[in-house]
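To keep things clear, I will list the structure first and then write my remarks on it.
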Amino acid sequence: MQIISISSLKGGVGKTSVTLGLASAAQAQGVPTLVVDMDPHADATTGLGVRQDAGTEDVGTLLSHPRRVSLADHVVASGWTGSTAVPAADGDGGPGGTPRILDVVRGSSRTSLYERPTTRQRELRRLTQLLEPVTRYALVLIDCPPALNGVTRMAWAASTDVLLVAEPSLFSVAGTERTLRALDLFRKEYAQGVTSTGVVANRVRPASVEHQFRLGEMERMYGDRLLPVAIPEQGNWQQIQGAAWPVHAWPGRTAAESAALFDELLSAVQRPLKDRRTQRRH
Ligand SMILES: Nc1ncnc2c1ncn2[C@@H]1O[C@H](COP(=O)(O)OP(=O)(O)OP(=O)(O)O)[C@@H](O)[C@H]1O
Ligand SMILES: [Mg+2]
């Protein structure tokens, strides 16, 4: 099972948008996927069309006693069209036997209880313990808050991959470089299951000279960690998210182009899988 944390220290760079784009690509390709919304703002939950009164516990509550709950009892089908239409690879059904392809663990402000700097293994392993018994997904996407405190560190500790999102701007590029360094230090001691780290550029304006300059800088600074797919600034992105629709289902040429880019991004993040250890270290 590939578990990807989508992170950045800087706010508003597109973590949730990339999470939703990858979820949309995974759904379109029939990859059984779970989105874990670790941001207390719970934007991914909203964008996936899941209501806060969905009848399941939110991830913040589950994290308070990860050994005593079964995550499988608290996942909810995304509200996106098509998320229950394609049978999962193992034929596993959700509650009531409905085949499920895209599930969500709801976010809530309760997660902010864990947003404190910590190096205690007991704290850092809470999400790992919650995910350990889960086997029915091929992909888990963790939408992180814009910080490198307890919540993001807990997500990294549970992950096989970390995907950093950066805008092609001076502050974002420099901040991402610092985040990569922090991640490398953290990995050595607390997140040895992370076997791959990457950076994706988001909100790129191809005609902007400044953006092209920054993209070149990102290539030099991050080397092959910079993924070969850059997501452009999309005029209709807020409209698609506002409707809580997957980009793959939105009509029109620009949405189809975005959908194709997220298909490519999903392939790019899945690529190192073949040489990744099949078993995570616990
Ligand atoms: N490629 C894009 N094109 C156009 N708008 C975008 C793009 N990426 C993100 N946005 C918009 O920018 C805003 C911030 O994006 P998003 O919420 O995904 O960022 P974030 O990093 O998750 O933010 P936060 O740090 O608050 O969690 C949203 O309104 C989103 O619709
Ligand atoms: Mg977000």
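The values are calculated or read from the model by the stated rules, or taken from the named source; none is laboratory data. Keep in mind it's a predicted model, so treat the numbers as computed, not measured. When we count neighbours, we look across all protein chains shown, and the Cβ atoms used for this are built from the backbone with ideal geometry, even at glycine. Heads up: the accessible areas ignore ligands, DNA and RNA and are worked out on the full protein's heavy atoms, side chains in. Shrake-Rupley method; radii C 1.70, N 1.55, O 1.52, S 1.80 Å.
Expressed as a whole percent, the accessible surface of the chain that belongs to carbon and sulfur atoms is 52, based on a 1.4 Å probe.
Relative contact order, whole percent, for the range 2-275 stands at 27, derived from Cα pairs under 8 Å and 6 or more residues apart. Long hydrophobic helices in the chain, taken as whole DSSP H segments with a C-alpha length of 18 Å or more on their own axis and mean Kyte-Doolittle hydropathy at least -1.0: 15-28, 170-190, 209-222, 253-270. For I3, nonlocal amide neighbours, meaning residues 5 or more places apart or on other chains whose placed amide H falls under 5 Å from its own, are V140, T160, D161. Excluding ligands, DNA and RNA, the accessible surface per residue across the chain is 44 Å² with a 1.4 Å probe. Counting charges near R110 (Lys, Arg +1; Asp, Glu -1) among other residues having Cβ under 13 Å from its Cβ returns a value of -3. Please report the net charge: other residues with Cβ closer than 15 Å to the Cβ of G47, K and R +1, D and E -1. Once positives and negatives cancel, what remains is -2. Residues of the range 177-208 falling in the label zone of F171, defined by backbone nitrogen less than 13 Å from a point 7 Å along Cα to beta-carbon, are absent. Rounded to a whole number, what is D in µm²/s for the chain from Stokes-Einstein with the Kirkwood radius over alpha-carbon pairs (37 °C, 0.692 mPa s)? D, rounded to a whole number, is 175 µm²/s. On the basis of the beta-carbon distance and an R0 of 22 Å, E210 and R178 show a calculated FRET efficiency of 0.60.
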